[in-house]
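The values are calculated or read from the model by the stated rules, or taken from the named source; none is laboratory data. In this text the structure is predicted, and so the values were computed from the model without any measurement. Every residue, glycine among them, receives a Cβ derived from its backbone with ideal geometry; neighbour counts consider all protein chains shown. These accessible areas exclude ligands, DNA and RNA; they are computed on the full protein's heavy atoms, side chains included. Shrake-Rupley method; radii C 1.70, N 1.55, O 1.52, S 1.80 Å.
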Amino acid sequence: VCRLRFNYVHHNRSGNNIKSRCERNEIYYNWLEGAEYYELEMIGPEESGTGRRCDSDVVGNVIFGYGGYVIRMGSDGHSDTNGRYRFVNNTIIAMDPGYGGMMRHGGAIESIELINNIVYASPTTSGTPRLHRSDGSWLHGEIITGSNNWMSSSLSVTQTASGGAAILAASQRGTDPGFVNSSSITSFDPRI
């Protein structure tokens, strides 16, 4: 189990802020910001073909990325997680997701669940950022579900041109989630 609680992990000079290959991730009430690659990466073991299932529970965090994709799941080219990913009560921010989006997965995963999150893409971005990009496969068909999220209206919930769309009940779309300040990276304040 990788259990990370009540931490401020920020401004990594190289790589990811958090990278876990554990069978279970419990990422609770942290502030993750400014990684070179991903703020949070939850992937399978380095040994190929282990068949171990890896699940992740991500609750109550501020996950603040400056560019590209903020979160990666599944695989980085080694073993798949075949896991379930649950995101609850998080604030997920991408300041420049124009060439990416919020989250992506490689390898095989089972599902992604999003409940009561704020998913904010800065309006300064170019292009149409995605909520999720699938570079892998789904164990039982595409499953992205959830409810009661607030998401930037600029986010596409379609995974790829040929993929399906997330099923997010009772979610709201908009341009301003009510942050204290969202005008720049240096003065950004995601409190509501």
> Considering only DSSP beta bridges whose two residues both sit in the chain, what percent are antiparallel, to the nearest 5?
Replying inline: 5 percent
>> I need the phi-derived Karplus couplings for segment 14-26: 6.51 cos²θ - 1.76 cosθ + 1.60, θ = phi - 60°, integer Hz, Gly and Pro marked x.
In response: 7, x, 9, 6, 10, 10, 10, 10, 6, 6, 9, 10, 10
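Tell me, which longest segment in the chain has none of the chymotrypsin sites (Phe, Trp or Tyr not before Pro) that fall in DSSP loops with at most 13 further Cβ atoms within 10 Å?
That gives 100-192 as the longest site-free run.
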> Residue by residue, what Karplus-based ³J(HN,Hα) values in Hz, rounded to whole numbers, does segment 86-91 have, using 6.51, -1.76 and 1.60 with θ = phi - 60° and x for Gly and Pro?
Replying inline: 10, 10, 9, 6, 9, 10
> Do any GluC sites (Glu not before Pro) in segment 26-116 lie in a loop, going by DSSP, with at most 13 other beta-carbon atoms within 10 Å of their beta carbon, and if so which?
Replying inline: Glu46, Glu47
>> If I take the Cα coordinates of segment 19-74 and project them onto the principal axes, what are the three extents in Å, biggest first?
In response: 34, 22, 11
>> Which cysteines in the chain lack any other cysteine whose Cβ sits under 4.7 Å from their own Cβ?
In response: Cys54
> Which residues make up the longest stretch of the chain clear of trypsin sites (Lys or Arg not before Pro) that lie in a DSSP loop with no more than 13 other Cβ atoms within 10 Å, not counting the sites?
Replying inline: 14-190
> So what's the net charge close to Pro190: Lys and Arg +1, Asp and Glu -1, counting the other residues with Cβ under 15 Å from its Cβ?
Replying inline: -3
> When the convex hull of the Cα atoms of segment 1-155 is projected onto a plane and the area is averaged over all directions, what value comes out in nm²?
Replying inline: 8.2 nm²
>> In whole percent, and with a 1.4 Å probe on the protein chains, what portion of the accessible area of segment 1-146 is carbon and sulfur?
In response: 45 percent
